[in-house]
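So the structure is just underneath, and the comments pick up after that.
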Amino acid sequence: MKTTVEIPDALAKEARAVARRERTTLRALIEAGLRQALRERRRRSRFRLRDASFAGRGMRREFAGDWEAVRAAAYEGRGS
């Protein structure tokens, strides 16, 4: 696919110099950079919170839906 992209002159000049130095093409350099940028974005969007429940059974019955009981148990014996 052909497309036109505008990039700052200084960046284009630097990219051409890198391509020459590495004996590659500007196209290959741009493709590699774009692939890396896309890979990083995919990695960031795949975050999943791990399941930290104990034995996969969820909350104990005596605490089900009662956040005050959970708080009281958490601070029991700690002076609060």
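The values are calculated or read from the model by the stated rules, or taken from the named source; none is laboratory data. Just so it is clear, the model here is predicted, and its values are computed rather than measured. In this analysis, Cβ positions are derived from the backbone assuming ideal geometry, glycine residues included, and neighbour counts consider all displayed protein chains.
Select from the range 8-25 the residues that are surrounded by 10 or more Cβ atoms within 10 Å (Cβ to Cβ) and either touching a strand residue (DSSP E or B) at 6+ places or on another chain (Cβ under 7 Å) or in a loop (DSSP other than H, G, I, E, B) (or both) and list them in ascending order.
Residues satisfying the conditions are GLU22, THR24, THR25.
Checking ARG71 against (1) surrounded by 11 or more Cβ atoms within 10 Å (Cβ to Cβ); (2) at pLDDT 95 or above, which test does it fail?
Of everything listed in (1) surrounded by 11 or more Cβ atoms within 10 Å (Cβ to Cβ); (2) at pLDDT 95 or above, ARG71 misses just condition (2).
What do you reckon, is LEU34 in contact (Cβ under 8 Å) with a residue 12 or more places away in the chain and surrounded by 10 or more Cβ atoms within 10 Å (Cβ to Cβ)?
Taking the combined requirement at face value, the residue does not satisfy it.
Quick check on my filter: what residues within the range 37-68 are in a loop (DSSP other than H, G, I, E, B) and surrounded by 11 or more Cβ atoms within 10 Å (Cβ to Cβ)?
MET59, ARG60, ASP66
Could you tell me whether any residue of the range 29-52 is touching a helix residue (DSSP H, G or I) at 6+ places or on another chain (Cβ under 6 Å) and at pLDDT 85 or above?
Yes, the conditions are met somewhere in the range 29-52.
Just to check your reading of the model, which residue among ARG39, ARG16, ARG50 is of a type in the set (Lys, Arg) and more than 22 Å from the chain's Cα centre (by Cα)?
Exactly one residue qualifies, and that residue is ARG16.
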